[in-house]
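Engineer: Provided herewith is a single structure, encoded as structure tokens, for subsequent inquiry.
No lab work stands behind these numbers, since they all come straight from the coordinates. From a predicted model like this one, the values you see are computed outputs, not experimental measurements. Cβ sites come from the backbone with ideal geometry, for glycine too, and all protein chains shown count toward neighbours.
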Amino acid sequence: MLKIDLKNKISMWNSFMGSLKVCLDTTGFKNYDCYKIMGISGMAFNFVMSTKCDASGPTVYDWGNSHFYMLDRLGIISEYDQIYSDGKLNTFIHYRNNSTEKIKKSLNAGIPVIAWAPSNVLEFGVIYGYDDSDKVFFIQDVYGGNSDPLLYDNLGVSNIPYLYLHYIKGFVEINTEKAYRESLEYGLKEWKREYSISPYYGSGIKAYDNIINALSGGIINDFGFCYCMKVYSESKKYIYQYLKEISEKSSEIKIENKLLGNYKFISETFTEISNENPFTGKGNYKIFNREKLAKTFSELRKTEDESFGIIANILNNF
Amino acid sequence: MSNFHRIQWIDTKIKSKNYPDISEISGKFEISRRQVYRDIEYMKDSLGAPIEYSKKNKGYIYSDDTFMLPSFFLGKEEKEALRFLSEQYSKIQDENSQNIVKLFRRMLGDEEITAEKNKFPVYSINKENIDIFNSLSEAIENKIKIKIDYLNIKFESAEREVSPYKIFNIGSKIYFVGYCHLKEDLRTFRIDRIKNIKLTNEKIYVCSYYFPERYKEKHIDFNYKIPYTATVLFEREFDKKLLKYRVSEINGRKYKIEFYNSSELVSNLMSIGIPFEIEKPLWLKNKIYSVIKNIFKGFGD
């Protein structure tokens, strides 16, 4: 039996990046603050909302590929296994056995592994140990409690049946100026992107359009809206903190006060909306004052669009 | 446990590189070693399995990893289960599910499957639940009362006389609504808490304030997960119906219990009121130990 002593619990609403932070802190590869992980990786700029504001918005992207490049921007050497299997894949057992061995190898080297839904919670979590006699992995999910372990045979089995594992292999020092620039380029690309995966999911400015339409007489998923606000209020806060760091530390990128002011407003407004429409994980959800909210989002849309105009100008100077 | 299930189990174990051996298989199914050899021979000779004993791994392996078990002859029990599953998948209106329905029906020999009025929701199932579902459906269809041994939320067992009206599900739990003659009111019951069901000859009582639309199915989901297995030794014998899980007896006081959630298992074990010891798995033993330790911490030294 082997158990790695995790240094902390998953403390971010973005469960992939929250799990990554636990792994980084535990291995001591790099002590990144949450905002820096979200900023440099570019994850903070992911803003996706479906036309009905479903809870799936924040997780609708090509996990493996996106995470790989995000981790690369952070200087993290990584590999991933990603297989969708709803029980019909003939070769699934082969890949699962293969992943089981890879996880053990990583754990033997003292590195926890990021996994999709290692417990019943449909979020990313961390595998931090194993026991061959009981054939189980020890896991930590977003609730951070004393979760039941994961049977080797249940690896990759959940209501959203992805075998998804992300292995951290090492770390290289990065050029911070390059990291700042590339993360902003990624953010701008996300802002202008038409949609994520399918036209049902609008990205960036289109995400705002979806929210505004849903609030203005369209169909809205109240639960999903509250969940997304919780996730995105955190992302917007991290963008603000990240831009503040760039303004203080970068010798190449000049961040105007106007841009910082805009993101302070965006971050505070999102937090306010999330507090008024709290996501607690259970119970019934009902959004009130939809008309007022739609107006607020129109204003946020305008402000963030203006902000990306400023960012585009900054990047044009390179 | 039928031969079909044993062979499936052996096949899964070999494919998962768990290298089952004669002792493990005979222990798992409580059968003789001779019977295990017969199963292995059957797999080799009749099913064409490239099964070999690996000295290195001290267990059976397939020399050809691409081997797939062929279709089986289906016994009565398997046919019932397959027919049942076919009904459940037929409820899902997507192409894949309808293909599964066609496949199951082909495996059943193109037997005509009549649609039942009450359909069991898609759910991880066991034989007991199928039997209860079938009896319950029959009672609802014929409008007759039933008598059930039912475990309430505190896991206290009581016989209830019920006029059943409708089966429905919420999440992965399956319920039925009916008029409880003990409580003299409408009640919903969880099917997995019914330990025994008997059909009576009496017609149902029709409750004036029962509205079927209030008992709608909510969120059908799948559970492909394999349960944990615990070996639990009790201090003395007791009625195993008090355990709300799939249980197999190892001897008079020792049971193998399949479960999905350790907290639920522990509260069930505690509610029986008989001292017990968890022999396996170690993680469960440790977890309970740590919970108890924390409780005692609350009382100081």
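Engineer: On average over all directions, what projected area in square nanometres does the range B:228-297 have, based on the convex hull of its Cα atoms?
Structural biologist: For the range B:228-297, averaging the hull's shadow over all directions gives 4.4 nm².
Engineer: Can you list, largest first and rounded to whole Å, the semi-axes you get for the range A:230-314 by taking the square root of 5 times each eigenvalue of its Cα gyration tensor?
Structural biologist: 29, 15, 8
Engineer: Starting from the 7 Å offset along Cα-to-Cβ, what nm value, one decimal, do you get for the label separation of A:A312 and B:N261?
Structural biologist: With each label placed 7 Å out from Cα toward Cβ, I get 5.0 nm.
Engineer: I want to check the label-to-label distance for B:D65 and A:E299. Put each point 7 Å from Cα in the C-beta direction and report it in nm to one decimal.
Structural biologist: About 6.1 nm, to one decimal.
Engineer: Also: Calculate, for B:F155 and B:S46, the FRET efficiency according to 1/(1 + (r/R0)^6) with r their C-beta to C-beta distance and R0 60 Å; round to the nearest 0.05.
Structural biologist: E(calc), rounded to 0.05, equals 0.85.
Engineer: If you don't mind, another one. For the range A:214-275, which trypsin sites (Lys or Arg not before Pro) pass both filters: DSSP loop (anything but H, G, I, E, B) and at most 14 other C-beta atoms within 10 Å?
Structural biologist: A:K254
Engineer: Looking at the range A:278-318, I'd like the Rg to Rh ratio, where Rg is from alpha-carbon atoms and Rh is Kirkwood's inverse mean 1/r.
Structural biologist: Reported Rg/Rh (Cα atoms, Kirkwood Rh): 1.29.
Engineer: On a full-extension model of 0.36 nm per residue, what is the gain between A:K189 and A:E272, subtracting their alpha-carbon distance, rounded to one decimal in nm?
Structural biologist: The A:K189-A:E272 span can extend by a further 27.2 nm.
Engineer: Counting other Cβ atoms within 10 Å, which GluC sites (Glu not before Pro) in the range B:226-270 have at most 12 and lie in a DSSP loop?
Structural biologist: B:E235, B:E237
Engineer: Here's something else I'd like to know. For the pair A:K249 and A:D25, what calculated FRET efficiency results from E = 1/(1 + (r/R0)^6), where r is the Cβ-Cβ distance and R0 = 22 Å, to the nearest 0.05?
Structural biologist: Calculated value: 0.50.
Engineer: Using only the alpha-carbon atoms of the range A:1-138 as identical scatterers, what base-10 log of I(q)/I(0) does the Debye formula give at q = 0.20 Å⁻¹?
Structural biologist: -1.37
Engineer: Can you show me the helix-derived [θ] at 222 nm for chain A, built from DSSP H runs with n ≥ 4 at -39,500 (n - 2.57) apiece and divided by the number of residues, rounded to the nearest 500.
Structural biologist: -16000 deg cm²/dmol
Engineer: Against the 2.2 N^0.38 Å scaling, with N counting residues, where does the range B:3-62 land? I'd like the Cα-based Rg ratio to two decimal places.
Structural biologist: 0.99
Engineer: At a temperature of 37 °C and a viscosity of 0.692 mPa s, determine how fast chain A diffuses translationally according to Stokes-Einstein, using the Kirkwood radius over alpha-carbon pairs as Rh; express D in µm²/s, rounded to the nearest whole number.
Structural biologist: Reported coefficient: 161 µm²/s.
Engineer: Once the principal axes of the Cα atoms of the range A:122-203 are found, what is the range along each, listed largest first in whole angstroms?
Structural biologist: For the range A:122-203, the Cα spread along each principal axis is 50, 39, 21 Å.
Engineer: Next question. Which value in nm describes the separation of the simple spin-label points at A:I197 and A:N120, placed 7 Å from the Cα toward the beta carbon?
Structural biologist: Modelled inter-label distance: 2.3 nm.
Engineer: Hey, which of these cross-link pairs are over 19 Å Cα-Cα: A:K282/B:K154; B:K56/B:K256; B:K143/B:K166; A:K206/A:K302; A:K9/A:K236?
Structural biologist: Pairs exceeding 19 Å: A:K282/B:K154; B:K56/B:K256; A:K9/A:K236.
Engineer: Excluding residues on the same chain fewer than 8 positions from B:K293, give the lysines whose Cα lies under 17 Å from its Cα.
Structural biologist: Correct list for B:K293: B:K285.
Engineer: How are the C-alpha pair distances of the range A:59-147 spread across 10 Å bins, as whole percents from the shortest bin up?
Structural biologist: Answer for the range A:59-147: a P(r) of 14, 43, 38, 5 percent.
Engineer: May I ask you to list the aspartates and glutamates whose Cα is less than 19 Å away from that of A:K192, ignoring any residue fewer than eight positions away on the same chain?
Structural biologist: In chain and number order, the partners are A:D62, A:E182, A:D209, A:E299, A:E304, A:D305, A:E306.
Engineer: Most exposed first by the Cβ proxy, i.e. fewest other Cβ within 10 Å, how do B:S157, B:S208, A:S196 rank?
Structural biologist: B:S208, B:S157, A:S196
Engineer: If the limit is 29 Å between Cα atoms, which of A:K52/A:K295; B:K44/B:K241; A:K104/B:K297 go over it?
Structural biologist: B:K44/B:K241; A:K104/B:K297
Engineer: What FRET efficiency do you get for B:R34 and A:N284 if R0 is 56 Å and r is their Cβ-Cβ distance, rounded to the nearest 0.05?
Structural biologist: FRET efficiency, B:R34 to A:N284: 0.40.
Engineer: What list do you get for A:C23, B:C180 if you sort them by fewest beta carbons within 10 Å?
Structural biologist: Taking fewest neighbouring Cβ atoms as first place, the list is B:C180, A:C23.
Engineer: Any idea what Rg and Dmax come out to for the protein assembly as shown if you just take the C-alpha atoms, in Å?
Structural biologist: Rg and Dmax of the protein assembly as shown, Cα atoms, are 28.1, 88 Å.
Engineer: Continuing with this model, one more query. Distance between the C-alpha centers of the range A:182-217 and the range B:1-31? Whole Å please.
Structural biologist: When both Cα centres are located, 52 Å separates them.
Engineer: Let me have the relative contact order for chain A, percent, based on Cα pairs under 8 Å that are six or more residues apart.
Structural biologist: Relative contact order here is 23 percent.
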